[in-house]
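Colleague: Structure provided below as structure tokens; questions to follow.
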Amino acid sequence: MGEGQLGKIIMALQEAISGAIKWILHSGIQNISEDKKKHGGFNSWFDLDKKNYKYIYSEITGYGKTTLSFLYDRTGDSLFLERAVLAGEWLLDNAFHELGGVRTRYYLDDDKEAADYSFESGQLYTFDSGMALFGLLSLYKFSKDKRFLDGAIKIGKFLVDKCQKPDGSLFAYYDSARGLVSEYKKWSTQSGSFHAKTAMGLSLLYEMSGDIKYLKSAESLCDAALKFQEKDGRFVTFFEGGGTHLHPHLYSCEGLLFVGRKLNNEKYISAAVSGIIWALSNVKDGGILNYLFMGGSFNLYERTDALSQLLRLSSFCLQKGLIGDDYQEKIKSLASRLLNFQEKESGGFYYGFHDNGEKLNHINSWCTMFALQALCYYDDLLNNKDIAIDYLI
């Protein structure tokens, strides 16, 4: 790559990063109204047709705290820390359940399209709680506000004492109304390898609290995730049919890589790298990454969350020598493809496509957060700056 071409790519990356930061801070995706039930929480997405937000999302507010902590660590700008504190306070004051888990969706109107996810349902999803846990600990590193550590400990106890199975895996959710742990058939409502990402927060909680039960829990979660991995590196995410959704497949890789690096566990690192290489091997010309593998082949549709996840993981692995230089061009194509999904006027990123192939006309919160970090990682790779995964969104 010539210096002129490299300079153009870096300029494009930095413009996209600036746009995404502007959107996260100033678009309204984080509620900064004085309504205490909303103040600080992150909305799911902005619907460009209806010109509205659907609900405040606890999982995404967890990502939001981590995103803002990542940006504060990167820039030192106190505004990022101030906004992260608002997100942490919203979570503790509004989404927290007395049992220690977090409620999922605070709907902003009466149309609760999926009532099982509403605050009123009392169903506490373990993955959402795990992302809130990691976000609270990311925030605590900088704020040193004990409220956030205490909240994280309550979540950790909930996950370990009420939701972890003897085999180390997690139930998908806890029904607080009936006192039961339950799960359905959708990938996100069943036990799976993607819960390895929850081990990130548990391993960090061990580091901050000194309680070894969180370390053991994190290791058990990672060991359970390995049972879902095929020899080619693919994580099975559907009980029926044995197929794979790239989004939770890459969650699995993220959790194993993070915990593996923290604990110096080569088994976890190797499994993560194998899963990353499998995904990279299925990147098509132009950086196209189809997200659903069923019956031995991929569908034709794309999601920017999975695209961003693979870009940030592969950028990190390339820099650390975990994958070979022969993947450079594929990684470059992923970055170029991702830039095509940015809504230029606002700076946010589109979600991707409907299953029928039509673009989903909303600017998505978590896709923008993932894309922002992925582009930062790739920019660091090109500029020979160290990539750290301490604040992996």
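Colleague: Is there a residue being in contact with a Leu (Cβ under 7 Å, 6 or more places away or on another chain) and among the aliphatic types (A, V, I, L, M) anywhere in the stretch 190-199?
Modeller: yes
Colleague: Here's something else I'd like to know. For the list (1) part of a loop (DSSP other than H, G, I, E, B); (2) surrounded by 19 or more Cβ atoms within 10 Å (Cβ to Cβ); (3) touching a strand residue (DSSP E or B) at 6+ places or on another chain (Cβ under 7 Å), I need the number of the one condition that Ile56 fails.
Modeller: In the conditions (1) part of a loop (DSSP other than H, G, I, E, B); (2) surrounded by 19 or more Cβ atoms within 10 Å (Cβ to Cβ); (3) touching a strand residue (DSSP E or B) at 6+ places or on another chain (Cβ under 7 Å), Ile56 misses (1) alone.
Colleague: Then there is this: Give me a count of the residues in the stretch 77-95 that are of a type in the set (A, V, I, L, M, F, W, C) and farther than 16 Å from Ile56 by Cα.
Modeller: 4
Colleague: Please find, among Lys65, Lys51, the residue that is within 24 Å of Asp305 (Cα to Cα) and touching a Ser or Thr at 6+ places or on another chain (Cβ under 9 Å).
Modeller: Lys65
Colleague: Taking Tyr214 and the conditions (1) over 28 Å from Leu311 (Cβ atoms); (2) touching a Lys or Arg at 6+ places or on another chain (Cβ under 6 Å), which numbered condition does it fall short on, given that it satisfies the others?
Modeller: All conditions are met except number (2).
Colleague: Further question on the same structure: Is it fair to say Lys146 is closer than 26 Å to Thr66 by Cα and without any contact (Cβ under 8 Å) to a residue 40 or more places away in the chain?
Modeller: Considered against the rule, which asks whether it is closer than 26 Å to Thr66 by Cα and without any contact (Cβ under 8 Å) to a residue 40 or more places away in the chain, Lys146 comes out as yes.
Colleague: Within the stretch 85-100, is there a residue that is more than 20 Å from Tyr184 (Cβ to Cβ) and assigned to a strand (DSSP E or B)?
Modeller: Yes, some residue in the stretch 85-100 is more than 20 Å from Tyr184 (Cβ to Cβ) and assigned to a strand (DSSP E or B).
Colleague: Does any residue of the stretch 257-269 turn out to be at pLDDT 95 or above, assigned to a loop (DSSP other than H, G, I, E, B) and either hydrophobic (A, V, I, L, M, F, W, C) or in contact with a Cys (Cβ under 9 Å, 6 or more places away or on another chain) (or both)?
Modeller: Yes.
Colleague: Additional query: Filter the stretch 138-150 for residues that are under 13 Å from Leu91 (Cα atoms) and within 20 Å of the chain's Cα centre (by Cα); which is surrounded by the fewest Cβ atoms within 10 Å (Cβ to Cβ)?
Modeller: For the stretch 138-150, the residue satisfying everything is Phe148.
Colleague: Which one is surrounded by the most Cβ atoms within 10 Å (Cβ to Cβ) among residues in the stretch 12-31 that are out of contact with any His (no Cβ under 7 Å at 6 or more places or on another chain) and within 17 Å of Lys51 (Cα to Cα)?
Modeller: Restricting to residues being out of contact with any His (no Cβ under 7 Å at 6 or more places or on another chain) and within 17 Å of Lys51 (Cα to Cα), the top hit is Gln30.
Colleague: Among the numbered conditions (1) under 24 Å from Glu345 (Cβ atoms); (2) surrounded by fewer than 20 Cβ atoms within 10 Å (Cβ to Cβ), tell me where Glu34 comes up short.
Modeller: Of (1) under 24 Å from Glu345 (Cβ atoms); (2) surrounded by fewer than 20 Cβ atoms within 10 Å (Cβ to Cβ), only one is false for Glu34: (1).
Colleague: Looking only at residues that are of a type in the set (Phe, Trp, Tyr) and surrounded by fewer than 20 Cβ atoms within 10 Å (Cβ to Cβ) in the stretch 230-256, which one is modelled with the lowest pLDDT?
Modeller: Phe239
Colleague: Follow-up. If Asn384 meets every condition in (1) assigned to a helix (DSSP H, G or I); (2) free of Cβ contacts under 8 Å to residues at least 24 places away in the same chain apart from one, which number is that one?
Modeller: (1)
Colleague: With surrounded by fewer than 24 Cβ atoms within 10 Å (Cβ to Cβ), closer than 18 Å to Ser193 by Cα and polar (S, T, N, Q) as the only criterion, which of Ser274, Ser281 stands out?
Modeller: Criteria check complete, one pass: Ser274.
Colleague: If you take the residues of the stretch 317-342 that are of a type in the set (S, T, N, Q) and part of a helix (DSSP H, G or I), which of them is surrounded by the most Cβ atoms within 10 Å (Cβ to Cβ)?
Modeller: Ser333
Colleague: Here is a further query. Restricting to the stretch 62-114, count the residues that are of a type in the set (A, V, I, L, M), in contact with a Gly (Cβ under 6 Å, 6 or more places away or on another chain) and under 23 Å from Cys163 (Cα atoms).
Modeller: 1
Colleague: Another question, if that's okay. Quick one: what pairs do we get from the stretch 190-213, first residue closer than 13 Å to Phe258 by Cα, second of a type in the set (Asp, Glu), C-beta under 8 Å, 6+ apart or different chains?
Modeller: Filtered contacts from the stretch 190-213: Ala196/Glu254; Lys197/Glu254; Ala199/Glu219; Met200/Glu254.
Colleague: Residue under question is Tyr377, and the condition is that it be under 18 Å from the mean Cα position of the chain (by Cα), at pLDDT 95 or above and either more than 23 Å from Gly243 (Cβ to Cβ) or surrounded by fewer than 22 Cβ atoms within 10 Å (Cβ to Cβ) (or both); does it hold?
Modeller: Taking the combined requirement at face value, the residue satisfies it.
Colleague: Looking at (1) of a type in the set (Asp, Glu); (2) over 24 Å from Lys332 (Cα atoms); (3) in a loop (DSSP other than H, G, I, E, B), which one does Asp223 not meet, given that it meets all the others?
Modeller: The one condition Asp223 does not meet is (3).
Colleague: Quick check: is even one residue across the stretch 326-336 closer than 22 Å to Thr66 by Cβ, in contact (Cβ under 8 Å) with a residue 12 or more places away in the chain and not β-branched (Val, Ile, Thr)?
Modeller: yes
The values are calculated or read from the model by the stated rules, or taken from the named source; none is laboratory data. As the structure is a computational prediction, the values presented were derived from the model and not from experiment. As a convention, Cβ positions derive from the backbone with ideal geometry for all residues, glycine included, and neighbour counts pool all protein chains shown.
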